[in-house]
Structure formats: C-alpha cells, structure tokens
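What follows is a set of notes on a single structure, which appears directly below.
The values are calculated or read from the model by the stated rules, or taken from the named source; none is laboratory data. Treat the numbers as computed from the prediction; the structure is a model and nothing was measured. Note: ideal-geometry Cβ built from the backbone for every residue, glycine included; neighbour counts use all protein chains shown. What goes into the accessible areas is simple: the full protein's heavy atoms, side chains included, and nothing from ligands, DNA or RNA. Shrake-Rupley method; radii C 1.70, N 1.55, O 1.52, S 1.80 Å.
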Amino acid sequence: MTEDINVISLRTEGLWSDLSDRIVEGGGYFRTAEHSAQQPGSRLEQYERDFKSGRINLLSCSTTMEMGVDIGGITIVAMNNVPPHPTNYLQRAGRAGRRSETRSVALTVCKNNPHDQHVFDNTLWAFTTQLPAPTIKLESPIIVQRHINSMMLASFLRSQLSNSASLDKLDMGWWMLPKEVAPANKFIAWAKCFDESKETHLASGLRSLLRHTCYEGAVSLGRLAAEAAAMLSAHSHEWFGEFDSVELQLAKFQGAIKEKEPAYKALQIQQKRLTGEYLLRELAAEGFLPGYGFPTDISSFETMTCDELERNKTRKKDDRIDNLLRHRELPSRGTVTALREYAPGAEVVIDGLVYRSAGITLNWHAPASVQAIKEIQNYSGPQFSDSELR
C-alpha cells in the first residue's frame, strides 16, 4: 500500500489513516465511542446497539453505566481509578463475563492517592469490607416536602389524563402553556385550596408518607399543600422569565428574511428546548421533585454548532428519561462542578470533540439587543469555541 497511487492520494488529502492500513491488512483494531450522561439519549442508544452488534468494541463510560443498561456481553472492564465504595467496584467489575464469555477480566488502575494505594495494598478490599445497611434519613424538611410534592403531582396528573396517556410523553409546553389555562396553574390553584375532606384518599396517603418524619404531627396537610403550590409558582415564574424573553426577541424579527438569520434560528432552538423538556426531569432538576442523588442546581453548557444543528434535524426526539445530566438537551452539571469544568477558557471533551468555553451568557433572563444575541448565539465558526455556561 505504500506504493499504491490511490492510497497515496487519499493519504495526502487526509482521507486515509493508519487505521485504514490495519483494516485492509486484517489486523485487530479498536473502534471507540463515549457513553456518558453528557450526550443525547438517542445517540447513547445507537452506541449501545453498535456495541452489541460488534460495530463498536470499546466504550468509554461514565458512572451511569454501573447498572440499569444492558449492552450485551463484555470481555474486559477497565477502571481508570478505584471506585469510592466496594459496591461501586462490584457493580462495575460485575459487568464483565455475564454472558457466554469463556474468560473475562476486571482491571483497575490505582493512582497515587491514599484511597487507591490502600486498595492496591489490600486487593480483597471489595470483598472483605463490611457493607452498611441502607438507611433513610427523614429529618430533612426539603426532602420530605419534595416527596409530598411528588405524591400530590401524581394524584393531580391522574385526574387530568386519560388512562391511555403516557406520563413519559409530557413536556413543559403541555404543562405551562397556554398560560391562563395551563395544567401548572390548575395544580397551583388546587394545592392552595387543598381540602382533606374532599381528597380523603390522597390525604390518607400523605399521612402515611409523613409517618416518622420531621413533619409528623407538627404541620397540617393544608400547609404542606400550600408550600407545594408556592414552590411550583416560583418555578413557573422563573420558567416564564426565560420563555417570555425568547418570545420578546423573536417578535423583533420581521419578514421572510428572518428565517435565514442565525440569531432567529438560535432563539427558535432555545424556545424548543424550553417547551420540549420532559416535565418530570425539569421539575426534578429544579428541586420541586425528588432528584434521587442527581444534582438539582444545574448549569448547562451550550454546544450547538452547525454540524450539531444538521444532526438534530434527522435525530428522533430524545425519549430517554433516565438522563438527568442533560438539561434541556444540553450537557449539564451541578453549578459547583460547572464553575470548574465549564469556566471560560476550559476545554470539555464530549463524544470525541473538544469544546472550549467562550464565556458566560449573561442575557438569559434580561435580553440584550438583537445584535448582541447574534454575537452570542453565532454558530458559523468552524472551531468549537462558542460554547457557553448558562
């Protein structure tokens, strides 16, 4: 191949790599992909299918792969550090050899820190460490309140939806719009006027939920229902602050030429993200519902580029509801982590691409001029350097 004219031409144009040589020669090679919560669910599902079929033979995974996702037979599990707890290690190592593999390997790289070195010196750590029984602490008012909110919301949705409706299809557009008659406003009004005598079944469930908690016998159900209404009202106010800002800016564009304006397209995408977000994921991310270990104070990383925009046109709607680390179709982190990982100038690797944070979007709630939006939301650059921390 070193003398093949066609190969030499393709190599000069950057279309033939060393990997191409290995494929033609029949040698073994790795085809890799990133499987992390920072990516769209539809893309993760495609990677899982490719891994099962053998089209991908190496997945670089985040901790979300510990359990719950079946990706077929695995020969080797390699961990680039020691997991923090024996249960984490056993979950990850146990991924290998579950099917008909004749052999499997679990490999762990121990770094130069106290925890990793302790495990390196005590290789039976995961098997000899006593695992404490799980406990639930019911002293936290906010945790109890979120579960109260969850039970009330479940009861309300059952009364609003037909038996054939699917909860995993509900989005924020259905919940918040139109503003005057939106289900969100109905829930707030219902919760403010909660009457135990009319909601006997729900009241019984709420009392059972409050048993042995900090609220048992100390706070009335009416007061807790009113707090649920206040929390949802505060979230609605924030949501409409963003939605109305986008609507105001869209209204400034006139004529058919607006369809070609990058700023107009950017605002349409922003509006779609707001209205298309999965209802329960939004409410959990904003702290109205229990988050079950996922961060609730979230900041998103804007990664939209021309290439990503084209891919989104053919991608099906993301129906995966287990991914709370993507907020409104964007990679997201808890704010404390985001301040470090998404800080201006920081580089973030997502699915093999390196994004450089260009700054913090300051006009999210208070719209700037149309020209400022054009500068902030510009997708035309060939480099991935226009990402932002909201």
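The table below lists the values:
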| quantity | calculated |
| --- | --- |
| Positions within the range 276-307 being out of contact with any helix residue (DSSP H, G or I) (no Cβ under 9 Å at 6 or more places or on another chain) and modelled with pLDDT under 70, in sequence order | Gly293 |
| Pair list, Cβ < 9 Å and 6+ apart or interchain, from the range 105-131 residues that are more than 11 Å from Val82 (Cβ to Cβ) to residues that are in a helix (DSSP H, G or I) and small (Gly, Ala, Ser) | Ala106/Ala93 |
| For Leu107: the one exception among (1) farther than 30 Å from Trp125 by Cβ; (2) modelled with pLDDT of 90 or more | (1) |
| Any chance Ala230 is closer than 26 Å to Pro141 by Cβ and of a type in the set (Gly, Ala, Ser) | yes |
| Considering residues of the range 308-340 that are of a type in the set (Lys, Arg) and at pLDDT below 65 only, the residue nearest to Lys272 (Cα to Cα) | Lys317 |
| Helices (runs of 4 or more DSSP H) lying entirely in the range 171-226 (those with 3 or more residues that are open to solvent by 50 Å² or more (accessible area, probe 1.4 Å)) | 183-192, 200-210 |
| Some residue of the range 80-87 being within 26 Å of Glu329 (Cα to Cα), buried (at least 17 other Cβ atoms within 10 Å of the Cβ) and among the aliphatic types (A, V, I, L, M) | no |
| Filter pass, Arg43 being in a loop (DSSP other than H, G, I, E, B), at pLDDT below 90 and among the basic types (Lys, Arg) | no |
| Count - residues of the range 106-124 that are of a type outside the set (Val, Ile, Thr) and either over 32 Å from the mean Cα position of the chain (by Cα) or open to solvent by 100 Å² or more (accessible area, probe 1.4 Å) (or both) | 8 |
| Tabulated pairs, the range 1-13, first under 17 Å from Ile23 (Cα atoms), second in a loop (DSSP other than H, G, I, E, B), C-beta under 6 angstrom, 6+ apart or interchain | Val7/Met1; Val7/Trp16; Leu10/Trp16 |
| Filter result for the condition that a residue is closer than 15 Å to Asn149 by Cα and basic (Lys, Arg), over Arg223, Arg211 | Arg223 |
| Residue that is nearest to Cys110 (Cα to Cα) [pool: residues in the range 71-95 that are in a loop (DSSP other than H, G, I, E, B) and under 24 Å from the mean Cα position of the chain (by Cα)] | Asn81 |
